[in-house]
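Data first, discussion second: the structure below is written as structure tokens.
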Amino acid sequence: MPSVSRNSQSPLDTPPLFSERPEWSDITPLDQYEDANPVAPIFYSADYKDATDYFRGVVKTGEKSERVLDLTERVIRLNPAHYSAWQYRYETLIALGSPLDVELKLMDELAVKFLKTYQVWHHRRLLVTLTRNPAPELKFIATSLKEDAKNYHTWSYRQWLLAYFNDEDLWQGELDFVEMMTTQDVRNNSAWHHRFFVVFQSGLREGETDRARVIKRELTYVKHNISLAANNPSAWNYLRGILDANNIPYADLGEFVKPYATSPQDLPVSDLVDLENPPPAKGAELPCAPAIEFLADIYEKQGGQDGLRQAAELWRSLADEHDTMRKKYWEYRTRDALKT
Amino acid sequence: MSEERFHLPPLARAGHASHCKRCLSGLPGSQSEVDASKLALSFYCIGSLDLLGAMDTTSQTDRQSWKDWIWEQQTKGRHGSGFRPSSFMTPRPGLGSSETYTEYDTPHIIMTYTALLCLSILRDDFLKLDRAGIINFMRACQRDDGSFSIVPGSNETDLRTLYCAFAISHMLNDWSGVDTTRAAAFIASCRTYEGGYGQAPFCEAQGGTTYIAIASLHLAPQLQKPPLTLVERQSTIHWLLQNQDQSGGFCGRTGKDADACYCFWCGATLEILDAKHLIDANSLVRFLASCQFKYGGISKAPGETPDPYHTYLSLAALAMYPPGQDVAHNEAASWRIEPIDPLLNATKETVKWAREHIPA
Ligand SMILES: [Zn+2]
């Protein structure tokens, strides 16, 4: 629900009402039509009423001019969800042949100010579709993610930009970028999702055509990240994602997963570091639920009395101890497996 | 955890009802953003009263004036008919009966869906509904890729609008305004490796859009049933359940904080997938109980400001997941919510009314 309270502006920043500006005296402001009893009447501020009265007036005459850009900007600043003002502004920019880089500069400010408003991002898409200059956008998005590293609109915009232009130069730095984002916060699922998009959904790009090598690289990457933070569902989902997308049996990861599904005191002490299977970091809270679950999946797939017995045992430990919130789910998995 | 006993406070029914009534009677100027989505806000307010069984605490006069206002928003023109969010782009003295809307004051597909539900809650007879016009309007909104724009000709699109087109078709019992095959292909393109759906192709799985994808697939009678393969269904259920965190509430994306609205979006999806029994309902109730604001209304998380959207969706979640006998004790009665239809997101009684009165 749009219930964002707008930054209150100091009186000095508040521009004069349009009704007080001589240069607007030729426009007839048009009141909003309301019948006697509107649902949830909004007690508009004087600023908002003034700006929207003039906006309705301008729409009526069909004027598309420089001053309409001022007016729509004012309406948008007062109500960034006003999609008609955005639409009219866009058409005005086109009609005037306005420099779109100037508009994008303004959008840099508004995007950060109204980060959660769909329209800001939508408008930006329209502009970039016309300028066909996506490269600077990547930098802008990176800056904007500094404000909110999980903002859905920001990430969607990046995904759209890459897929829409599908330009080799654009993709070039993407893996490094997303790695930087996961390094900053290994639990940022938006970054993990983006990585999946870049590696597995963007087609076979230069340098990425040797899929066996790419899969190996991704497995190494995700295993390394799990070793740093074992209880990170984003990384485990990513691991499953790689395996599912490439039809790799979960059992291939058995050696890696086992230490994460085991109590630390039961782990054999070893000085040998297996680079393929990095061990949990010291102090990790083990066993962790995603690993137990993963191991149970391996046993379930293996099947037979022995496999199912071991899977059921693991599910019981999830239900009773390590993941009690999903007790009913683990009990259901057990019933389901034993039924077949 | 569900094992632990916890003291369940009563559901502050009267407080939540008055929060919604207050919003219906007026909003401060700081809420001007509601201009562009006022019919949706009306739905959350009126819908909350419906879930609480509190419609009879409103006056006949109020109900009539709400209906009149909603019908005022039905508008016709070159893209067909439907409902606009409010009269925010309509200058005085309004449109005469023969006039048509401008390109800046067209119907809006999400508002059309919420208008039909509001009018059903208000038990309207729908004699004024321009059914053929709505079919044309949906046709004008569907894009080549199968998705729908919020208003005709706009590039603004995501899965929400597709769900609204499906829900409207279901209520009209007329699917001639939508190409369900193309729409289903668009839904499939939004599926992610996590088992949920994003708002557009390549986007991260999110609880709200996952509800919308799954509900849409189940609404359309033409699409194959069940719409998901066994493996897909399992992974969607798994992802949805994973979103219930230690607070008992659901988060909308992996690793985010729990938020009351996702108790509905994830909970309703699980019900549609026949997996309702797998949720830890008592923990969910405990979380929603803690999101109650002391002066009425429910907020997205404990200690936040309440709003009609989170109030409605929390109540709707509770309609599906009431507290068990073991925790409700003497407060059980206060937690009773009218049964809900998870596909259309309204009470069963209201959906029955819609299905009986909206089709031609
Ligand atoms: Zn929410």
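Taking residues in region B:42-71 that are of a type in the set (F, W, Y), and partners anywhere that are open to solvent by less than 20 Å² (accessible area, probe 1.4 Å), the pairs with Cβ atoms closer than 6 Å and at least 6 places apart or on different chains are B:F43/B:T114; B:F43/B:L117; B:F43/B:C118; B:Y44/B:P308; B:Y44/B:Y312; B:W66/A:V39; B:W69/A:V39. When we screen A:V186, A:V257 for residues that are open to solvent by 10 Å² or more (accessible area, probe 1.4 Å) and modelled with pLDDT of 95 or more, the only hit is A:V186.
Residue count for region B:249-266 satisfying the condition of being out of contact with any Phe, Trp or Tyr (no Cβ under 6 Å at 6 or more places or on another chain) and more than 11 Å from the ligand (Cβ to nearest atom): 3.
Per-residue answers, yes or no, for (1) in contact with a helix residue (DSSP H, G or I) (Cβ under 8 Å, 6 or more places away or on another chain); (2) within 14 Å of chain A (Cβ to nearest Cβ); (3) free of Cβ contacts under 8 Å to residues at least 40 places away in the same chain; (4) within 15 Å of the ligand (Cβ to nearest atom):
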| position | (1), (2), (3), (4) |
| --- | --- |
| B:G297 | yes, yes, no, yes |
| B:L315 | yes, no, no, yes |
| B:Y321 | yes, yes, no, no |
| B:I337 | yes, no, no, no |
| B:D341 | yes, no, yes, no |
| B:T347 | yes, no, no, no |
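Condition check for B:A132 on (1) closer than 20 Å to B:A215 by Cα; (2) open to solvent by 60 Å² or more (accessible area, probe 1.4 Å); (3) not charged (D, E, K, R): one failure, at (1). In region A:236-246, the count of residues that are open to solvent by 80 Å² or more (accessible area, probe 1.4 Å) and in a loop (DSSP other than H, G, I, E, B) is zero.
Sub-6 Å Cβ pairs linking a first residue in region A:191-209 that is facing another protein chain (nearest Cβ under 8 Å) to a second residue that is among the charged types (D, E, K, R), at least 6 apart or interchain, are A:H193/B:E204, ordered by first then second residue. Counting only helices (runs of 4 or more DSSP H) wholly contained in region B:1-78, the ones carrying 2 or more residues that are within 11 Å of chain A (Cβ to nearest Cβ), closer than 30 Å to A:R77 by Cα and open to solvent by 60 Å² or more (accessible area, probe 1.4 Å) occupy B:13-25. Checked against (1) open to solvent by 10 Å² or more (accessible area, probe 1.4 Å); (2) of a type in the set (A, V, I, L, M, F, W, C); (3) within 12 Å of chain A (Cβ to nearest Cβ), B:L127 meets all criteria but (3). When you scan region A:113-120, do you find a residue that is assigned to a helix (DSSP H, G or I), open to solvent by 30 Å² or more (accessible area, probe 1.4 Å) and closer than 27 Å to A:K49 by Cβ, even just one? Checked against the condition, which is being assigned to a helix (DSSP H, G or I), open to solvent by 30 Å² or more (accessible area, probe 1.4 Å) and closer than 27 Å to A:K49 by Cβ, region A:113-120 yields at least one hit.
Figure legend. Inter-residue proximity from region A:60-74: first residues surrounded by fewer than 17 Cβ atoms within 10 Å (Cβ to Cβ), second residues not in a helix (DSSP H, G or I), beta-carbon distance below 7 Å, spacing 6+ or different chains. Indicated pairs: A:K60/A:L30; A:K60/B:P91.
Counting only helices (runs of 4 or more DSSP H) that fall entirely inside region B:127-215 and contain at least 1 residues that are in contact with a His (Cβ under 7 Å, 6 or more places away or on another chain), the qualifying elements are B:131-141. Taken residue by residue, region A:163-170 has at least one member that is surrounded by fewer than 18 Cβ atoms within 10 Å (Cβ to Cβ) and over 23 Å from B:A200 (Cα atoms).
The values are calculated or read from the model by the stated rules, or taken from the named source; none is laboratory data. No experiment lies behind these values; they were computed from the predicted model shown. Please note: Cβ atoms are built from the backbone with ideal geometry, for glycine as well, and neighbour counts cover all protein chains shown. When the accessible area is computed, the model is the full protein with side chains, heavy atoms only, and any ligands, DNA or RNA have been set aside. Shrake-Rupley method; radii C 1.70, N 1.55, O 1.52, S 1.80 Å.
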